[in-house]
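Below is one structure, written out as structure tokens, with a few remarks after it.
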Amino acid sequence: MAVARLDNRAARRLFMDRHALLEQPSGPAKGDALLDLITRLGFVQLDSINTVARAHDMILFSRRPSYRPAALKRLYEQDHQHLFEHWTHDAAVLPMEFYPHWHLRFQRDAEVLRKRYRNWRRDGYEAKFQHVLDHIREHGPVSSSDVGKDERKGSGGWWDWHPSKTALEYLWRSGALAVVGRSGFQKRYDLSERVIDTRHLPAQGSPAPQDTLDWLCNAALDRLGFATSGELAAFWATASPAECATWCKQALADGQIEPVDITLADGRSRRVFARPGTVEQAAALPPPPGRLRVLSPFDPALRDRKRAEGLFGFHYRIEVFTPAEKRRYGYYVFPLMEGDRLVGRIDMKAHRQTGDLAGSLHVTALWPERGVKWSPARQNRLEAELERVRRFVDMERVTFANDWQRNPL
């Protein structure tokens, strides 16, 4: 039996559609509409870097230009019935309806992190569990600065935690605590029983592990459009690749999925799994809007760097932790999407402090991708997008460095 095939353009459009990038960026972006968008994406990664705006805000803004950070803060911090924060491949906000399927994650994190934190030389952190829980029960939500004030940190830098901070993080990752918000991006923790709706808590019963594994694989495939078993595992980073491979084998036998060959950007073919009818659905998708938009380095469409490179031919690595002299591009460089292509990357910063650049969204450099001509029309589209970003981050003007446009590397 012949295996169905998706050409590269159809595969890109399907992938973009599942990531809310195929339609015109517009529409409401608060309340239920914002929750619907986050549910569609599955999660939105949280990140502290604020070169222009925080990653979660840029992710939502790129799809809904009317979005403002206060809308997420209201949804997340003021009414805890809609979103919770936990771990996928990194810290993220997730729809509260997913919470019961995170019980398995709590159990697995509890097992893995107990040993990892010991090896990380967090001596004595386990002895702080009851003290931390009692303190929160008596005094209410806390941040890491509210506990362990008399404890010494290690010598590893800002990431080196004192024992009570380690206990807080462990109790959150294992489900006893919930994050109720952030102050200056520092997490505030409370007892899960005071935050999470009782019907979602493990005390009311947990889904069977196999039911959660089924949910994880199905939910990942629905948000990716097509995937290998390894890509399904990486999406939520809870199920193992072996567990997802077993799920794929059974789903294939049951007719829930079928093999599909997709053509990558370089012409190679790759075997993936998709729902029956996916190829026909992809063929019927409309072309994307022609506007150019700035994406966060942590955008869901780019989170799996290998997948994005295969589909778009766009090699991207964030260079935050690369020494300045070894960076190929810059500290925090934003990919540029135009239509169904990634056409370049831009290094820019919102200058919020004093100085000559204060109040400006300042473009330091732009690199078009190889084969992309930076025409006057494309420059106009870039400037229109930068103006939208300027308004979003409340800067007064957009400015450019003298040598802002660079040749492709």
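Scanning for something under 27 Å from residue 392 (Cβ atoms) and of a type in the set (Lys, Arg), does the range 290-299 turn up at least one residue?
yes
The conditions are (1) closer than 21 Å to residue 291 by Cβ; (2) in a loop (DSSP other than H, G, I, E, B); (3) among the aliphatic types (A, V, I, L, M), and residue 357 fails exactly one of them. Which is it?
Among (1) closer than 21 Å to residue 291 by Cβ; (2) in a loop (DSSP other than H, G, I, E, B); (3) among the aliphatic types (A, V, I, L, M), the lone unmet condition for residue 357 is (1).
Is it true that residue 193 is open to solvent by less than 40 Å² (accessible area, probe 1.4 Å) and among the acidic types (Asp, Glu)?
No, not satisfied.
Of all residues in the range 49-75, how many are closer than 14 Å to residue 37 by Cβ, polar (S, T, N, Q) and open to solvent by 10 Å² or more (accessible area, probe 1.4 Å)?
1
Please work out which residue is most open to solvent (accessible area, probe 1.4 Å), limiting yourself to the range 313-335 and to residues that are of a type in the set (Phe, Trp, Tyr) and within 19 Å of the chain's Cα centre (by Cα).
Per the stated criteria, the residue is 321.
Scanning for something of a type in the set (D, E, K, R) and either open to solvent by 40 Å² or more (accessible area, probe 1.4 Å) or without any contact (Cβ under 8 Å) to a residue 60 or more places away in the chain (or both), does the range 228-235 turn up at least one residue?
Scanning the range 228-235, I find no residue that is of a type in the set (D, E, K, R) and either open to solvent by 40 Å² or more (accessible area, probe 1.4 Å) or without any contact (Cβ under 8 Å) to a residue 60 or more places away in the chain (or both), so the answer is no.
Within the range 114-124, how many residues turn out to be modelled with pLDDT of 80 or more and surrounded by fewer than 18 Cβ atoms within 10 Å (Cβ to Cβ)?
Matching residues across the range 114-124 total 4.
List the number of the failed condition for residue 254; all other conditions in (1) without any contact (Cβ under 8 Å) to a residue 60 or more places away in the chain; (2) in contact with a helix residue (DSSP H, G or I) (Cβ under 9 Å, 6 or more places away or on another chain); (3) exposed (fewer than 13 other Cβ atoms within 10 Å of the Cβ) hold.
All conditions are met except number (2).
The values are calculated or read from the model by the stated rules, or taken from the named source; none is laboratory data. Remember, it's a predicted structure, so these values are computed and weren't measured experimentally. For neighbour counting, all protein chains shown are included, and Cβ atoms are generated from backbone atoms with ideal geometry for every residue, glycine included. Surface accessibility is based on the protein's heavy atoms, side chains included, excluding ligands, DNA and RNA. Shrake-Rupley method; radii C 1.70, N 1.55, O 1.52, S 1.80 Å.
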